[in-house]
Amino acid sequence: MRMLVIDDDPLILRALNRTFHTQRPEWEVVLADSGEEAVRKMAESRFDIVLTDMQMPGMDGSQVLHYARQLQPGAVRVVLSGHAPLRRILEAEGDYHRFLVKPVDPNDLVVILDSFCLNPAEEDSRLARSIVAGLERLPSLTRHLVALKEQLEQPTPNLQRITAIIGQDIGMASKVLKLVNSAYMPFRRSITSLTQAVEFLGVDLLQEMVLSRDLLAGAVDEHPESLSLEDVWAHSVRVGRLARELVYKETGDRKAAEESYSVGLLHDIGLVAMAIHPGCAYHSVLEKGRAQGDLLTKMERQTFGTDHIQVGAQLVSLWGLPTPFASAIQKQFLTSLDDHPTLISLALHAAHSWLDQHISPGEFTEGTAMLDYPEADLASADSRWNVLVKKWKEGRPPRGASPDDAVQRSTP
């Protein structure tokens, strides 16, 4: 793994270099003490990770990140900085994958950077990383952007209404969850509920977010590579709502239910990432899928060597979203109950499988992967869910057998 480390403070550069050399001697670390030097080095050779300070004289970190996205599109871009101005952080958000605040415990930093290292044998993950690493941000539907702007301009903006708007839009929701789970935010716990995320950010920061992105400048392509974002958004909302209902029905846990909604909303995030990637020519895969009726993931793997499941898991992991997001996305089509370690993962699979997912002339969504149970037991969503959960629990370890999250195997 090759990493470029940029900081104008020579003491910090030496300390980071010593930490990496001591804990990960196999890493090749290249140092740069200015943004200008970093750009020269990026133009000369390839890096897997670009780690930069934000506030530097001359070319600052936001400019370095912008160049890094162009010169090193396959690299993971990480900010390690002091308390940079909020507006600059928001302006640069599309150019970094993770924002970390100094001081960072050296051990924690190594663990985070280690998580970006891919096993050379995992070819599909490497190809998925190449698709998402250069991604700036996901699009949002124009009508949602207009509605959010109008609500934020009200004399007394309604946070509940704001949450409802963001909760219908994959682009907005992913950005909000990325921001609140950044190490820039002053807490250690993960936030998976959009309601909590919006409450934490508050109206002022959301207004800054809209202004910094200039969201309404220019038309949004709502049919990239002939994929209907409207259809994908509507399907994702339906999956999220059903997953939330299933988890709440079983646990009565509102936090777990809201997390299920967020995971369901973002479960097809990789589909969108592939459609907007300039090198994918994704329309050809959609056309083949429509013509032949094959599963989209099969067509993707034949064409790109990876699929939107792997792409989605890579994207949410890079953005620092909690582990259940990537895990549930990766397992959404797996039909064995043993493949689902958490109730949220099982609920996503069930919700996705039970909703209408056939190809129609105007849209494309993934084919179903129904769990193998007698047809008589699948008369309704409730009865299906009762059967699934009962069988799933029978195969889980007894309570207290492991320190895993209780949502994995318990009921109220």
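Where a number appears in this text, it was derived from the coordinates with a stated rule and is not lab data. Note that the structure is predicted; figures quoted are calculated from it, not measured. Here the Cβ positions follow ideal geometry from the backbone for every residue, glycine too, while neighbour counts run over all protein chains shown.
Key figures for this structure:
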quantity	calculated
Cut-off 20 Å, label 7 Å out along Cα→Cβ of Lys102, residues of the stretch 18-35 by amide N	18-22, 29-35
Net charge of neighbours whose Cβ lies under 13 Å from the Cβ of Met3, counting Lys and Arg as +1 and Asp and Glu as -1	0
Per-q log10 I(q)/I(0), the stretch 52-109, q = 0.25, 0.28 Å⁻¹ (Debye; single scatterer per alpha-carbon; no solvent)	-1.04, -1.22
Segments 61-67, 103-109, 334-340, 310-316 sorted - mean Cβ within 10 Å per residue, highest first	310-316, 61-67, 334-340, 103-109
Tensor-based shape of the stretch 142-213 (alpha-carbon gyration tensor, a/c under 1.5 rounded, otherwise prolate or oblate)	prolate
Added length on full extension, which subtracts the Cα-Cα distance from 0.36 nm per residue, Glu122 to Gln55	20.5 nm
FRET E, pair Gln70, Ala164, Förster distance 35 Å, beta-carbon r, rounded to 0.05	0.45
Scaled radius of gyration (Cα, divided by 2.2 N^0.38 Å) that the stretch 2-117 gives	0.95
